[in-house]
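The values are calculated or read from the model by the stated rules, or taken from the named source; none is laboratory data. Bear in mind the structure is a predicted one, so any value in this text is a computation, not a measurement. Here Cβ is always computed from backbone atoms with ideal geometry, including for glycine, and neighbour counts include all displayed protein chains. Ligands, DNA and RNA are stripped out before the accessible areas are found, and what is left, the full protein with its side chains, is counted by its heavy atoms. Shrake-Rupley method; radii C 1.70, N 1.55, O 1.52, S 1.80 Å.
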2 protein chains.
Amino acid sequence: MTRIDDVARLAGVSTATVSRALRGLPTVSAATRRRVLAAAEQLEYAVSPSASRLAGGRTGTIAVVVPRITRWFFGTVVEAVEDFLQQSGYDLLLYNLGGREQTRQRVLRTADLHKRVDAVMLVATPLRPAELTALTRLELPGVTISSGTPVPGWPCVRIDDVGVARTATRHLLDLGHRRIAHITGDPDELAYTTHLDRRRGYRDVLRDAGITPDPYLDVESQFTIGGGARATEELLRRGDPPTAIFAACDEMAMGAMTALRDAGLRVPQDVSVIGVDDHDLASALGLSTIAQPAAEQGRLAARILLDPLHGGPPAPPVRRRPDPPGSPVILPTRLIVRESTAPPRAH
Amino acid sequence: MTRIDDVARLAGVSTATVSRALRGLPTVSAATRRRVLAAAEQLEYAVSPSASRLAGGRTGTIAVVVPRITRWFFGTVVEAVEDFLQQSGYDLLLYNLGGREQTRQRVLRTADLHKRVDAVMLVATPLRPAELTALTRLELPGVTISSGTPVPGWPCVRIDDVGVARTATRHLLDLGHRRIAHITGDPDELAYTTHLDRRRGYRDVLRDAGITPDPYLDVESQFTIGGGARATEELLRRGDPPTAIFAACDEMAMGAMTALRDAGLRVPQDVSVIGVDDHDLASALGLSTIAQPAAEQGRLAARILLDPLHGGPPAPPVRRRPDPPGSPVILPTRLIVRESTAPPRAH
DNA sequence: CTGAAAGCGCTTACAG
DNA sequence: CTGAAAGCGCTTACAG
């Protein structure tokens, strides 16, 4: 493999100059830069990341932590982030927690993390108090997406989860529903707030309409298709089924549709169903939903993260954001009405 | 951050000994090892990957290249691979091609890759001749999953795509169908063989049954839900619809079910549908399919890749597999009959 | 705008 | 089983 001194020799300059020219630093004359680039091209030179990182103190790598890459939201976010990082010349180090305690500890072993990446993106990953303390002490730049623990100094990109639930529930009320159930996920997980926020929005709107939220119509399970199915079966088992179900995500809504069908109930004639996300399959299934911009959240978070990291043209390594940002960036969501929601049948 | 000499000082040994003890090399006395580990623990020492990589010549990183992480098969594979690598102490560098020429070039810029990772896993990513040549010259260890270009010296983990198609088609024939359509994906992509293999199995079985494959019943689109829907719409537009559709993957099958429903046709009463994968949603939708072990393929491929990489306990860096493996490892698949396939209605 | 030299934090022969 | 020393391939003050 060609090294930097091969390029330096061919271009007739020092290795320091090659380094500067290749990184686009402004302190290199146009003529010299041209010669260096030509030499590098000719020798098919690629910088050694290990050497560059050791000498420069930057890793050029971003850690992206997600609960489960196979869930629609996280896959979509990662795809968008990877795209952005790739174009910016950063590597993406993927951590898929997958509910494994061991992985979790490895990721949040902060000394490990600190020497491995320049910044961290935490997607819907709530932190335990000890983890938060350790991470904060690191002074690594970072960004969070979606609900989770706010990390001091880290910007946050998300949607308005309470608002989303309000919109969904109001849509069902507007159609004339009164017995509206809610199914949601992950009660056992850490300090997730997504399911709490969405439940809050649901209850608030019911109360505004003069309806007392009925605990019997509120079932927790997992944020998956199977979780939605199980929650719905539980709902049906309790007797006196609702005329509408607000599922905390589309995957759960799909599970609900299946469980309803299996129970001989038709959607929307017998029971209306609405979810949250606008999953790829939602339109195929005719599922009404509150669309959230997943890719956009990933892209924006990546942009925010890299912006201070670059620290301007001469790119001195910046170890933390100059101005710790305040409130989260809230991206808009919108109601999409499809075939899975309709007025309840007359009594 | 603590460095190796901090640990050495506390333990009262040289940095060389710390290095050996921490990596578990056998040439360290038990007592010394204990002291080193205690010191490292006490100082919360974590090795610097950059320094270690530069000095050791190994990156401890595996590149995983997938077409689109958001597609079921690839997400599931990546999750399994990440799990395995994580447990083995390797980092996973994710490359999501996403049809972007630019990313593709960056990934397959071999000098870049060589300095960045110890090995490569190529998932369903066919190579252009120039890419194959460059990659082969690198002498990097690697493994491929699913169809794609065989790389000399790289093992391959996959399923029998021809066999899968045969089983699916035969299932439809056994039910009594004669007008069986096939919808598949990615004709524009590079030298994919998946769609070719599956088409071959489909045609072979038809011919065995004395049926001449009808090009009018064979539509190409994309390997996605939308692709399946579009292919099916095209099929219906051509008139005289089939009584059954064999879709090259479950996502296309789901799109087909939607398109059929939109056209006022019922599944399976009017048209039977079968896919390939056993996607998470397949059982929810009652979709008959040929199940393939996606996670298992990822896990196995990771194991194969790391096995020679470790090269035994003393772990000297091995640059290529000792014995270039021969034929691919073929994992079993199985027919799962659900509600989307049934005998055709009597004429 | 450019170069010589030090240094980033490890691992690896080599010697004992 | 252990240590002293060289070296991995860059980047960064520092000096000019």
Can you compute the charge dipole magnitude of segment A:4-47 about its Cα centre, using +1 on each Lys and Arg Cβ and -1 on each Asp and Glu Cβ, nothing else charged? Give it in debye, rounded to the nearest 20. 240
Give, in nm to one decimal, the length gained when the segment between B:L331 and B:T32 is fully stretched (0.36 nm per residue of separation minus the Cα-Cα distance). 103.0 nm
Have a look at A:S50, A:S272, A:S88 and tell me which one the Gaussian network model of chain A (Cα, springs below 10 Å) gives the largest fluctuation. A:S50
Along Cα→Cβ, 7 Å out, is where each label goes; now give me the distance between the ones at B:Q105 and A:Q105 in nm to one decimal. 4.6
How much accessible area does A:H195 have with a 1.4 Å probe, in Å² rounded to the nearest 10? 10
Computed over chain A, the relative contact order (Cα-Cα under 8 Å, seq sep at least six) in percent reads 17
For segment B:161-292, which whole-number percentage of the solvent-accessible area (1.4 Å probe, protein heavy atoms only) is attributable to carbon and sulfur atoms? 47
Just A:P268, A:P26, A:P213 to compare: in a GNM of chain A, with alpha carbon springs under 10 Å, which one fluctuates most? A:P26
Could you identify which residue out of A:R238, A:R299, A:R200 has the top mean-square fluctuation in a GNM of chain A using Cα springs shorter than 10 Å? A:R238
Taking the label point 7 Å from Cα in the Cβ direction, how far apart in nm is A:P213 from each other copy of itself, listed shortest first? 5.7
What are the trypsin sites (Lys or Arg not before Pro) within segment A:68-150 that DSSP puts in a loop, where the Cβ has at most 15 other Cβ atoms within 10 Å? A:R100, A:R109
Other chains' Cβ within 10 Å of B:260-267 residues: what's the mean? 1
When the Cα centres of segment B:118-187 and segment A:54-117 are compared, how far apart do they sit, in Å? 29
Size of the A/B contact, given as accessible area buried on both chains, probe 1.4 Å, in Å²: 4700
Using a simple charge model, +1 on the beta-carbon of Lys and Arg, -1 on the beta-carbon of Asp and Glu, nothing else, what dipole does chain A show about its Cα centre, in debye to the nearest 20? 1000
How high is the relative contact order of segment A:4-47, in percent, counting Cα pairs under 8 Å that sit 6 or more residues apart? 41
Of the options B:L25, B:Q42, B:T15, report the single residue whose Cα projects farthest towards the positive end of the charge dipole of segment B:4-47 (beta-carbon charges: Lys, Arg +1; Asp, Glu -1). B:L25
Please return the longest range in chain A lying between exposed loop sites, taking GluC sites (Glu not before Pro), DSSP loop only, at most 15 other beta-carbon atoms within 10 Å, and leaving the sites out. A:140-338
Segment A:D214-A:R338, length gained on full extension (0.36 nm per residue, minus Cα span): 42.0 nm
I need the shape label for segment A:129-277. Rule: rounded when a/c is under 1.5, else prolate if a/b > b/c, else oblate, with a, b, c from the alpha carbon gyration tensor. prolate
Run through the other copies and list how far each one's label point is from that of A:T27, in nm with one decimal, shortest first; the point sits 7 Å from Cα along Cα-Cβ. 4.2
Residues hit by the 30 Å² burial cutoff in segment A:26-59, accessible area with a 1.4 Å probe, assembly against chain on its own, are A:E44, A:A46, A:P49, A:S50, A:R53, A:L54
Quick calc, segment A:161-292, dipole around Cα centre from Cβ unit charges on Lys, Arg (+) and Asp, Glu (-), nearest 20 debye, gives 500
Assume the label is 7 Å from Cα along Cα to beta carbon: what separations in nm does A:G56 have to the matching positions in the other copies? 2.3
Please say if the protein assembly as shown is rounded, prolate or oblate, where rounded means a/c under 1.5 for a ≥ b ≥ c the square roots of the C-alpha gyration tensor eigenvalues, and otherwise the choice is prolate for a/b larger than b/c and oblate otherwise? oblate
In deg cm²/dmol, rounded to the nearest 500, the helical mean residue ellipticity at 222 nm of the protein assembly as shown, built from -39500 (n - 2.57) for every DSSP H run of length 4 or more, is -13500 deg cm²/dmol
